Every structure is written in structure tokens, then in C-alpha cells.
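Report on one structure; see the data block that follows.
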Amino acid sequence: VLLGPAGVGLMGLYQTILGLGSTLAGCGIGNSGVRQLAASAGEEATLAIVRRALWLANLVLGVGGMVILWLLREPVAQWVFGDTAHAGEVGWLGLGVFFTLIAGSQTALLQGLRRIGDLARVNVISAFFAAAAGIALVYLLGQAGVLWFVLVAPAISVLVASHYAARLPRPQTPRDWQAISQQWQAMLKLGIPFMVA
């Protein structure tokens, strides 16, 4: 109602870019991470390694996705909009890719450890506050608030998911980079087919 059909269409295009960017940058690590976490339940040392590997992988992939989308903002804007007038906004969507992957690492952790109640709370609370904040931004900024409406959802998901993930016991084992690298390989081997699908 506030934006009209053109504003809603613009929001859909931004969400499509964000979703595609997050899927490609994530390499399916979120899905394969859930499997690795569930498989290592009950083995504290392995679980700690999988948790670290999942977090670091999403951090690295999130930063990489953010940087790549920023660097490719003009070609992506040309491809989606037919011109480069929205290239700046497309570049800012890289921040949303980063937030989406960080939130995904937290929700994968909750899902893999079977904290289904916490996962449901994260989804409901995030959706409520993201909708409230996004509508307020659109109300105050008009069509200029569409970009921030799209970015506020993953940002709030990071905050809420991190709150619930922080309540889990912290891994106490020392960092074993060779074991973390092996977990990355296993996650990518399963995750990339998820991404392609």
C-alpha cells in the first residue's frame, strides 16, 4: 500500500538478487552443516570442530560473497534492471548476503543440535521485528526505504539467532586447523550439490 506496484516489484528484484547471491556464496554449507552437526552429536570433540568449521566457513563465504557482489554490482544491475542506475543498491545487497550466511550458521547450529523450540522462536521473533522495522523504514523513507527493508531482515535474524546460539555450551577443545579443514571439505562435498540443486 505504501509503495504501490512499482515499489513492491523493486523489492522483489532486490530479494531475488539477495537470495541468489546468498545461495551461491553459501555453497550449501548451511544444509551440509546441519548434517555434520547431527552426525557428531554426542562426540564433544568432533562437535566442537564442526561448530568452528561451520562458523568460519560461513564467515569467509559471507565476506567473499559481499565483496564479489560489490565488485559485480554494475553487471548485475545491468542484467536485472537493464541499466546501471541501481548499481549502488545492488552493491549494498552484498551486506545482506553476509548477514544471511552468518544467520544461517547460527540457525544451522540450532537445527543440527535439535534445538527446534529455539529455532522456531528465532524464526517468529525475527519475522516480527524485521516486518516492524522494514515497514517503519518504508513509511519514513518511501521508495528509498525498500533497500533497507530487504537488508533489515537478515540483520535482525543475525541478532536473534546469535542470542539463542550464545546460550549453547561453548566448545572447550583447542582449535585443530587440520580437522577443521577436513570438515570444510566434507561440508563442501555435500553442500555444493545442494547449492546446484
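The values are calculated or read from the model by the stated rules, or taken from the named source; none is laboratory data. Note that the structure is a prediction, hence the values are computed from the model and not measured. Cβ sites come from the backbone with ideal geometry, for glycine too, and all protein chains shown count toward neighbours. Note: accessible area is taken over every heavy atom of the protein model, side chains too, but ligands, DNA and RNA are not part of it. Shrake-Rupley method; radii C 1.70, N 1.55, O 1.52, S 1.80 Å.
As I understand it, the value is the acute angle between the Cα axis of helix 177-196 and the longest principal axis of the Cα atoms of the chain; what does it come to in degrees, rounded to 10?
50 degrees
Could I get the Rg over Rh figure for segment 108-197? Both from C-alpha atoms, Rh via Kirkwood, rounded to two places.
1.11
Roll a 1.4 angstrom probe over the protein heavy atoms and tell me the percent of accessible area of segment 1-72 that is carbon or sulfur.
72 percent
Counting pairs of Cα atoms in segment 1-110, how many percent are more than 21 Å apart?
That tail contains 44 percent of the Cα-Cα pairs.
By the scheme Lys and Arg +1, Asp and Glu -1, what is the net charge of all other residues having a beta-carbon under 15 Å from that of Gly96? Write out the running numbers ahead of the final one.
Details: positive: Arg73; negative: Glu89.
Once positives and negatives cancel, what remains is 0.
Using θ = phi - 60° and the Karplus form 6.51 cos²θ - 1.76 cosθ + 1.60, what ³J(HN,Hα) does each residue of segment 125-133 get, whole Hz, x for Gly and Pro?
5, 4, 4, 4, 6, 5, 5, 4, 5
Just to confirm, what accessible area per residue do you get for the chain at 1.4 Å probe, in whole Å²?
53 Å²
What is the mean projected area of the alpha carbon convex hull for the chain, to one decimal in square nanometres?
11.5 nm²
Can you run phi through the Karplus equation (6.51, -1.76, 1.60; θ = phi - 60°) for segment 30-37 and list ³J(HN,Hα) in whole Hz, with x for Gly and Pro?
Once θ is set to phi - 60°, the couplings for segment 30-37 become x, 5, 5, x, 4, 4, 5, 5 Hz.
Can you work out ³J(HN,Hα) from phi for every residue in segment 9-20, in order, using Karplus 6.51 cos²θ - 1.76 cosθ + 1.60 and θ = phi - 60°, giving whole Hz and x for Gly and Pro?
Result, rounded to whole Hz: x, 4, 4, x, 5, 4, 5, 5, 4, 4, x, 5.
Restricted to Cα positions, what overall size does segment 12-76 have along the principal axes? Three whole-Å values, descending.
The Cα atoms of segment 12-76 stretch 47, 21, 12 Å along the principal axes, largest first.
Have a look at Ala38, Gly91, Gly64 and report the one farthest towards the positive end of the charge dipole of the chain, computed about the Cα centre with Cβ charges (Lys/Arg +1, Asp/Glu -1).
Projecting each Cα onto the dipole axis, the largest value belongs to Ala38.
For segment 77-123, which whole-number percentage of the solvent-accessible area (1.4 Å probe, protein heavy atoms only) is attributable to carbon and sulfur atoms?
56 percent
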